[in-house]
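What follows is a short report on a single structure.
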Amino acid sequence: MAVASVSYDTHEEPVVDRLYAETRDLRLQGFLLFLVSDVVLFSSFIFAYLYLRNTGQGFPPPGIGRLDVAFAAFNSMVLFGSGCTMHYALENWKHGNFNRYATCLIATIILGAMFLGGQGYEYTSLIVRDHVTWSGSGIFGASFFTLTGMHGLHVFLGVCYLTVLLLQSAHGVYTKQKFFGLTAGTLYWHFVDVIWVVLFSIFYLI
Amino acid sequence: MNIVMIERTVAAVGAVIVFVVAALALKHEWKTPGIENQVFKIMLGLLALGGIIAFLAGIGVLGNFAKGA
Amino acid sequence: MQTHDQTELHDGGGVADHIHPEPQTFVRKYIFSIDHKIIGIQYLITGSVFFVLAGLLAEVIRTQLMHANGGVVDANTYNEIYSVHGSAMVWLVVIPLLTGGFGNFVFPLQIGARDVAFPWLNMLSFWIFPPAGLMLFGSFLMGAPAAGWTEYPPMSLQGQAGTSMWCAAIFLVGVSSTLTGINFLVTILKMRAPGMTFTRMPLFVWAQFATAPLLMIATTALAAALAALFMERQFGVPFFDPTKGGSPVLWQHMFWFYSHPAVYIMILPAFGMISEILPTFSRKPIFGYKMIAFSSVAIALLGFTVWAHHMFTSGLAPFLQLPFMIMTMLIAIPTGIKIFSWVTTLWGGKIRFTTAMLFAVGFIATFTFGGITGIFLSAVPFDLHAHGTYFIVAHLHYVLVGGSLMGILAGTFFWFPKMTGRMMNEKLGKWTFWLFLIGMNGAFLPMHYQGLLGMPRRVATYDPQFQTINQIESIFSYVMTFALLLFFGNLLYSIRNGKKAGSNPWGARTLEWQIPSPPHYYNFKHVPTVFAAPYDFAEPLPYTGLEEELTDAPGPQPASVH
């Protein structure tokens with residue numbers, strides 16, 4: 001982990017004009033509130049899943065086995081690892097280490113894509129081998145595919161978003177002081193990670 | 001060594017790394033001001049928690065159900 | 001601390017000094033406008049069109065009920081009509097008018113901002129709304145939803161194709177509401193004029209501030225429920241169908257977790273309007289400013305903890321019924337605080353009964369009545385008796401027609417001069433008020449009695465013993481419709497022919513009345529500085545920086561084009 005050797009200097013005051021500072025504040029709050037409403041969206045489906053699980057006829061329903069914990073743990077590590085690299089991408093940008101930033105961001109994108117691949121593999125094996133489907137396997141299939149599918153969609157959009165950020169920063173859209181897009185991207189990616197912590201726990205571990 | 005063991009080992013080792021990295025980052029971030037950094041701290045904390053959970057899952061403490069139940 | 005920071009920020013070069021050039025083309029000025037005032041008026045017009053459509057549906061319902069055997073429409077069409085009537089009134093009329101319409105137009109002016117925080121997002125929010133409305137009314141073409149505005153499964157699962165259209169339409173309105181909520185919240189938090197601390201904000205702003213998180217959070221929860229229902233209907237994904245392991249009660253939980261806070265989305269902004277109108281026409285400071293402001297927030301918070309009181313008859317566990325009952329009754333406390341504060345504001349005031357004031361006072365009376373029947377219904381034993389009867393219909397129409405709609409009418413008479421620069425006709429307005437009040441009470445008051453006698457809601461034909469009482473209600477509902485026709489006639493007439501209003505026809509003290517009517521594109525020539533809350537009628541206005549507003553001084557220069 002060469003990226004771990006970044007030196008921290010958090011007392012650096014960014015020198016930017018007032019219009020940028022104020023606009024950035026507005027956008028930051030707006031983006032955080034957007035994430036809050038997204039959390040509510042996930043929470044509603046999680047509530048639905050837990051509610052159905054506790055009121056339905058036993059869980060998992062007869063004829064359906066438990067999910068593959070080992071592979072899911074492996075896949076989770078891919079996503080959590082991408083969270084770490086994303087964190088260091090932003091930190092490196094803040095300190096002007098643009099090459100390391102690019103390395104970290106590319107690593108994040110690759111790990112995110114790997115997670116999606118892993119999820120695709122998991123879906124395929126569930127559908128083909130275990131005959132668990134979205135609409136045909138009762139509340140188990142419904143909740144699992146809806147929630148992980150929603151999360152997968154968020155990861156997919158996140159990968160696209162990070163790719164756009166990479167291209168934008170390569171074209172000089174952001175400077176060492178003005179990089180709100182990167183902050184937003186990091187917030188979003190962390191959000192996707194953290195949602196997976198919850199989903200992983202409730203689908204695979206309990 | 002079958003594929004499940006490899007997956008579990010990678011998961012457990014990766015989880016330790018993630019936990020350490022997230023915890024270190026959290027420690028470095030601890031005194032930063034600004035609303036986004038507060039959110040980052042929460043997120044890093046949860047990421048570290050995710051590391052712990054994934055480690056326990058990897059070594060088979062959590063989610064260790066009888067096969068074919 | 002707030003004051004200091006903000007004064008510093010507005011010294012120059014910030015968002016408040018960053019003015020875009022005024023758009024010149026018709027399309028950018030009036031159709032795809034990013035100006036909050038134009039967007040507010042767009043919401044008001046679109047909402048009014050939907051209001052007329054949904055109101056016509058209501059009259060079909062009342063005409064059908066003139067006779068115990070119905071005879072106007074068949075039972076299935078009747079189900080479609082009341083379902084679309086309810087959905088449209090809630091999502092296409094009351095919520096957009098109060099938040100998107102009045103919220104957009106009024107509160108940025110009241111906090112001394114030049115626009116909302118995200119003007120483009122505001123435009124997007126608006127333009128999601130009309131297509132969604134058309135989709136909802138268009139569902140009649142493919143068999144409209146017929147399980148009421150709540151669309152409980154399993155009936156909604158077996159409903160006609162239009163039910164899926166309903167899901168999509170309400171989902172879109174929800175997206176629009178969520179974006180509006182985010183936008184308003186950031187605007188209020190970040191864009192207040194220098195010196196406008198939280199305790200100096202006008203109460204309408206407080207009301208919007210309490211409503212915005214509800215819009216943002218509750219609506220997203222509804223989006224999840226709607227998405228699940230849509231998936232179940234279109235792709236057979238089991239969430240609610242009990243034969244596949246789903247749970248119909250889950251829908252009720254998810255739906256009411258949104259829809260109970262939505263009740264407060266529909267009333268809090270009206271509370272805010274009343275709190276502006278009463279002091280203005282009593283020439284007296286509002287009584288209990290802080291209590292009114294904080295009780296709005298208290299209502300918004302408590303609103304998230306009471307949803308299951310709609311489900312007392314759905315098999316909710318008894319140990320859950322009691323807490324939900326108690327929490328529901330608790331909401332009466334902040335609401336009562338508001339009502340007593342309003343009454344005390346009137347006490348000893350120099351009251352001027354303009355039409356807006358009449359509607360505001362009428363609001364206090366009818367809303368309190370609806371609120372009291374709400375307390376009845378929160379008691380589990382009574383609710384078990386009254387659930388699904390006309391008592392519920394009476395209660396909800398008292399709070400929505402006697403509350404929200406009265407608020408909207410009061411607000412229209414109050415802010416119309418600011419929007420158009422002309423007054424509405426007061427004489428016609430007073431006729432509107434009295435006819436509306438008589439029609440409204442005549443139509444909905446007997447429903448309490450009828451419900452206690454046991455007439456179920458949502459039926460196309462009924463027991464002949466209820467025929468007289470239904471006929472009375474229908475006739476009074478025509479009176480109410482006539483009053484609303486007068487109102488719309490007045491509105492259309494006054495836009496061109498009303499008396500010139502001037503900048504401040506009511507002698508009100510909030511910021512929007514200190515600038516010309518209608519306001520300029522950039523709202524304020526100089527962003528004002530605020531020294532106190534706006535309600536002390538004995539003092540001079542607590543603002544500086546407004547000296548040039550009513551003169552010919554040039555407006556602020558647009559920032560260089562970028």
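Brief remarks follow.
- Verdict on C:S477 being touching a residue at least 12 places away in the same chain (Cβ under 8 Å), assigned to a helix (DSSP H, G or I) and at negative phi: yes
- Per-region count, the stretch C:237-252, residues of a type in the set (S, T, N, Q) and more than 7 Å from chain A (Cβ to nearest Cβ): 2
- The set of residues in the stretch C:181-223 that are part of a helix (DSSP H, G or I), farther than 20 Å from A:G30 by Cβ and of a type in the set (S, T, N, Q) contains only C:T199.
- Only one of C:S275, C:S282 that is of a type outside the set (A, V, I, L, M), surrounded by fewer than 24 Cβ atoms within 10 Å (Cβ to Cβ) and more than 19 Å from C:M329 (Cβ to Cβ): C:S282
- Residues in the stretch C:289-320 that are among the small types (G, A, S), in contact (Cβ under 8 Å) with a residue 60 or more places away in the chain and surrounded by fewer than 17 Cβ atoms within 10 Å (Cβ to Cβ): C:S314, C:G315.
- Test: residue in the stretch C:170-193 that is within 14 Å of another protein chain (Cβ to nearest Cβ), modelled with pLDDT of 90 or more and touching a strand residue (DSSP E or B) at 6+ places or on another chain (Cβ under 9 Å): yes
- For the residues C:S164, C:S156, the requirement of being more than 14 Å from every other protein chain (Cβ to nearest Cβ), touching a residue at least 60 places away in the same chain (Cβ under 8 Å), hydroxyl-bearing (S, T, Y) and surrounded by fewer than 22 Cβ atoms within 10 Å (Cβ to Cβ) singles out C:S164.
- Residue in the stretch A:49-69 that is buried (at least 21 other Cβ atoms within 10 Å of the Cβ), farther than 30 Å from C:Y258 by Cβ, facing another protein chain (nearest Cβ under 8 Å) and touching a Gly at 6+ places or on another chain (Cβ under 6 Å) present: yes
- Candidates A:Y88, A:Y121, filtered to the one that is part of a helix (DSSP H, G or I), of a type in the set (F, W, Y), more than 30 Å from C:V237 (Cβ to Cβ) and more than 14 Å from chain C (Cβ to nearest Cβ): A:Y88
- Scope the stretch C:523-541; condition under 29 Å from the mean Cα position of the chain (by Cα) and surrounded by fewer than 18 Cβ atoms within 10 Å (Cβ to Cβ); matching residues: C:A532, C:D536, C:F537
- Members of the stretch B:13-56 that are more than 8 Å from chain A (Cβ to nearest Cβ) and crowded, with 19+ Cβ neighbours inside 10 Å: B:F19, B:A48, B:F55
- Criterion violated by C:R352 - all others in (1) in contact (Cβ under 8 Å) with a residue 60 or more places away in the chain; (2) more than 22 Å from C:D536 (Cα to Cα) satisfied: (2)
- Among the residues of the stretch C:337-353, those identified as assigned to a helix (DSSP H, G or I) and touching a Ser or Thr at 6+ places or on another chain (Cβ under 9 Å) are C:I337, C:K338, C:I339, C:S341, C:W342, C:T345, C:L346.
- Subset of the stretch A:171-206 that is part of a helix (DSSP H, G or I), surrounded by fewer than 22 Cβ atoms within 10 Å (Cβ to Cβ) and small (G, A, S) - its residue that is farthest from the other protein chains (Cβ to nearest Cβ): A:G181
The values are calculated or read from the model by the stated rules, or taken from the named source; none is laboratory data. None of these values were measured; they are calculated from a predicted model. Positions of Cβ are generated from backbone atoms using ideal geometry, with glycine treated the same way; all protein chains shown enter the neighbour counts.
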